[in-house]
Amino acid sequence: MNIEKNLIAGVVGWPISHSLSPRLHNYWLKKYNIRGEYLAFAVRPENLREFIESPPKDNIIGFNLTVPHKEIILPLLDEIDSVAEQIGAVNTVIIRDGRLLGFNTDGYGFLTHLKQSIPTWSAKDGAAVIIGAGGAARAAIVSLLNEGITEIRLINRTKERAEKLADIYHDPRIKVWDWQDRSESLFEAGLLVNTTTLGMTGQPELSINLSPLPATAVVYDIVYNPLETALLQQAKQKKYLWVDGLGMLLHQAAPAFQSWFKQKVTVDQKLRRHVLEGLSG
Ligand code: ATR
């Protein structure tokens, strides 16, 4: 008798217990009645190659990567999609005919959440001020450049890191500003994005004065724990349009799920509430 095995996907990280991805993907598996499972794989960086060469499940169809694997996976893959190449990191692997194909859906998640939350926002509205120069900043930069943003003002506590990014992308639209000028950098901007860990539970808040930001601009904090950071509180109080970080997490998951399980999914309020419960629980 041929008993078909469940399709397996999962998230690979170290540590992994905090990840909301299993909650998110298993919600869709249940909702769409799919014979599959989404697991959490705790894999130390030094064991990543071994994980890939002999995965713990033979019916694995792909996996997500989180800290600290998104960059170190690159040389271990058979193919890397051009957007992932641009971002310099992979968050989604699809296994096809035994070959490992790497993608990055973080920039897609970032931009899709922005456009769905603020349909009036346009890349032509003015400069985007990006705070931070880590992996999340790279995903935001690449998606905004590809969307046709007119200017990016890049600001990081460690300026050399921002300069290094500007060198990598080598695009005249990217201008590096000094950390101490972050409030001034907001003049005539259409979008402010915090991609740093500032504002996360246990971290200091991002100290910035939003007053120079035009009234029509959008404030986007990719931090989602807590959902309402001090930055977003200030944005709400000053009546700016604002976007929280949870939607980016939800939207980056959709294309990965769709490729693995061949099922179109929606990101809606019910899913958001379900994932939020995991955050507070
Ligand atoms: P990720 O890949 O998730 O974006 P990361 O590479 O660790 O994470 O980057 C974290 C970002 O938060 C960096 O831009 C970091 O600034 P530095 O490059 O100067 O380290 C920023 N960050 C973290 N703590 C900070 C703090 N206390 N003040 C200012 N920036 C901070």
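The values are calculated or read from the model by the stated rules, or taken from the named source; none is laboratory data. What you see is a predicted model, and the numbers here were worked out from it, not measured in a lab. With ideal geometry, Cβ positions are generated from the backbone for all residues, glycine too; neighbour counts draw on all protein chains shown. Quick note on the areas: whole protein, heavy atoms, side chains included, nothing else; ligands and nucleic acids left out. Shrake-Rupley method; radii C 1.70, N 1.55, O 1.52, S 1.80 Å.
Listed by position, the helices (runs of 4 or more DSSP H) inside the range 1-110 whose residues that are touching a residue at least 40 places away in the same chain (Cβ under 8 Å) and among the aliphatic types (A, V, I, L, M) number at least 2 are 21-31, 82-87. Can you tell me which residue in the range 186-208 is most open to solvent (accessible area, probe 1.4 Å), limited to those that are under 19 Å from LYS239 (Cα atoms) and within 16 Å of the ligand (Cβ to nearest atom)? Of everything passing the filter in the range 186-208, SER207 is most open to solvent (accessible area, probe 1.4 Å).
Conditions tested, residue by residue: (1) away from the ligand (no atom under 16 Å from the Cβ); (2) acidic (Asp, Glu); (3) open to solvent by 20 Å² or more (accessible area, probe 1.4 Å); (4) touching a Cys at 6+ places or on another chain (Cβ under 9 Å).
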| residue | (1), (2), (3), (4) |
| --- | --- |
| LEU65 | no, no, no, no |
| LYS70 | no, no, yes, no |
| ILE95 | yes, no, yes, no |
| THR105 | no, no, no, no |
| PRO119 | yes, no, yes, no |
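Checking GLY245, GLY199 one by one, the residue that is out of contact with any helix residue (DSSP H, G or I) (no Cβ under 7 Å at 6 or more places or on another chain) and either touching a residue at least 24 places away in the same chain (Cβ under 8 Å) or in the same structural domain as SER122 (by TED's automatic domain parsing) (or both) is GLY245 and no other.
Scanning the range 130-170 for residues that are touching a strand residue (DSSP E or B) at 6+ places or on another chain (Cβ under 8 Å) and acidic (Asp, Glu) turns up GLU151, GLU163. When you scan the range 43-57, do you find a residue that is surrounded by fewer than 14 Cβ atoms within 10 Å (Cβ to Cβ), under 21 Å from the mean Cα position of the chain (by Cα) and within 16 Å of the ligand (Cβ to nearest atom), even just one? For the range 43-57, residues surrounded by fewer than 14 Cβ atoms within 10 Å (Cβ to Cβ), under 21 Å from the mean Cα position of the chain (by Cα) and within 16 Å of the ligand (Cβ to nearest atom): present. Within the range 1-30, being buried (at least 19 other Cβ atoms within 10 Å of the Cβ) and of a type in the set (S, T, N, Q) holds for SER19, SER21. Among the numbered conditions (1) under 23 Å from VAL223 (Cβ atoms); (2) in contact with an Asp or Glu (Cβ under 6 Å, 6 or more places away or on another chain); (3) in the same structural domain as GLY36 (by TED's automatic domain parsing), the only one that ALA127 does not meet is (3). Scanning the range 142-169 for residues that are closer than 21 Å to LEU241 by Cβ and either open to solvent by less than 20 Å² (accessible area, probe 1.4 Å) or small (Gly, Ala, Ser) (or both) yields a count of 7. Residues ILE60, ILE8, ILE34, ILE16: which one is in contact with a helix residue (DSSP H, G or I) (Cβ under 7 Å, 6 or more places away or on another chain) and among the hydrophobic types (A, V, I, L, M, F, W, C)? Sole residue among the options that is in contact with a helix residue (DSSP H, G or I) (Cβ under 7 Å, 6 or more places away or on another chain) and among the hydrophobic types (A, V, I, L, M, F, W, C): ILE34.
The residue that is surrounded by the fewest Cβ atoms within 10 Å (Cβ to Cβ), among those in the range 241-259 that are outside any helix (DSSP H, G or I) and in contact with a Leu (Cβ under 9 Å, 6 or more places away or on another chain), is ASP244.
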